[in-house]
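Down below is the structure, laid out as structure tokens.
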Amino acid sequence: MASVKNTGFFVGEVQSLFRCTIAGEEMENCNSLDLIQGQGVEGDRYLNGTGHYSPRPHPDRQVTLIESEVLAALLRDAQVNLPPEETRRNIVTIGVPLAHLVGRQFRIGDTVLYGGRLNIPCRYLEDLNDRPGAFNALVNRSGLNAQIIVGGPVYVSDKIAPLP
């Protein structure tokens, strides 16, 4: 694993990793994920073309991230208990203000990602997980959609930092 230089901005880390092979299936908690450059997460439904939104592909949706701090805020502010695996995101972060990565390249371990756009919440997530209120609670804090610029393995506890 490459060391991450502190750019003076922030250095966060990967808290947990998830994937699933088919839309609606439970997310699998993983110790590592293999990110395929320009494509997606190996073994994940969107790389396989079997995800709920697969008919609407977009390069910014190769890998998705969400802040663990958001999950704590959902419980605190909206009384919505949304466990990390129910976010349907691949990477759960801690100490990473994801909105600051839109339009920037950043490193997770040895991989390099590009923060394409903030994720837009969907009613599908709320309905699939039977979490009333999740949709409204996630507005403007539903995570980050990213492109994989340099692929490779990502591990729990890998450092995350923007590139200069």
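Here, each number is a calculation from the coordinates, and none is a lab measurement. Please read these numbers as outputs of a predicted model, since none were measured by experiment. Cβ coordinates were reconstructed from backbone atoms using ideal geometry, including for glycine residues, and neighbour counts include every protein chain displayed.
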Inset, instruction - Enumerate the strands (runs of 3 or more DSSP E) found wholly within the stretch 1-105, keeping only those where 1 or more residues are closer than 15 Å to GLN147 by Cα. - result: 32-36, 63-67, 91-94
Inset, instruction - Pairs only if they're at least six apart or on different chains, beta carbon under 8 angstrom, first in the stretch 109-123 and over 21 Å from LEU163 (Cα atoms), second among the hydrophobic types (A, V, I, L, M, F, W, C) and in a loop (DSSP other than H, G, I, E, B); list them, first residue then second. - result: PRO121/VAL139
Inset, instruction - Report whether or not ILE66 is among the β-branched types (Val, Ile, Thr) and more than 22 Å from ASN48 (Cβ to Cβ). - result: no
Inset, instruction - Would you check if there is a residue in the stretch 137-150 being closer than 19 Å to PRO164 by Cβ, β-branched (Val, Ile, Thr) and assigned to a strand (DSSP E or B)? - result: yes
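Residues are listed down the side, and each one gets a yes or a no for (1) out of contact with any helix residue (DSSP H, G or I) (no Cβ under 9 Å at 6 or more places or on another chain); (2) within 17 Å of GLY143 (Cβ to Cβ); (3) touching a residue at least 60 places away in the same chain (Cβ under 8 Å); (4) of a type in the set (Ser, Thr, Tyr):
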position: ILE22; (1), (2), (3), (4): no, no, no, no
position: GLU26; (1), (2), (3), (4): no, no, no, no
position: GLN37; (1), (2), (3), (4): yes, no, yes, no
position: VAL41; (1), (2), (3), (4): no, yes, no, no
position: LEU47; (1), (2), (3), (4): yes, no, no, no
position: GLY51; (1), (2), (3), (4): no, yes, no, no
position: PRO57; (1), (2), (3), (4): no, no, no, no
position: ARG61; (1), (2), (3), (4): no, yes, yes, no
Legend entry - Test result for ARG56, surrounded by fewer than 22 Cβ atoms within 10 Å (Cβ to Cβ), closer than 18 Å to LEU101 by Cα and among the basic types (Lys, Arg): no
Legend entry - Pairs with Cβ under 6 Å, 6+ apart, first in the stretch 64-90 and in contact (Cβ under 8 Å) with a residue 40 or more places away in the chain, second among the aromatic types (Phe, Trp, Tyr) and not in a helix (DSSP H, G or I): GLU85/PHE18; ASN90/PHE18
Inset, instruction - Take the stretch 104-119 and flag every residue that is under 17 Å from ASN140 (Cβ atoms) and either surrounded by 16 or more Cβ atoms within 10 Å (Cβ to Cβ) or of a type in the set (Gly, Ala, Ser) (or both). - result: GLY115, GLY116, LEU118, ASN119
Inset, instruction - Go through (1) under 14 Å from the mean Cα position of the chain (by Cα); (2) more than 19 Å from LEU47 (Cα to Cα) and name the single condition VAL154 misses. - result: (2)
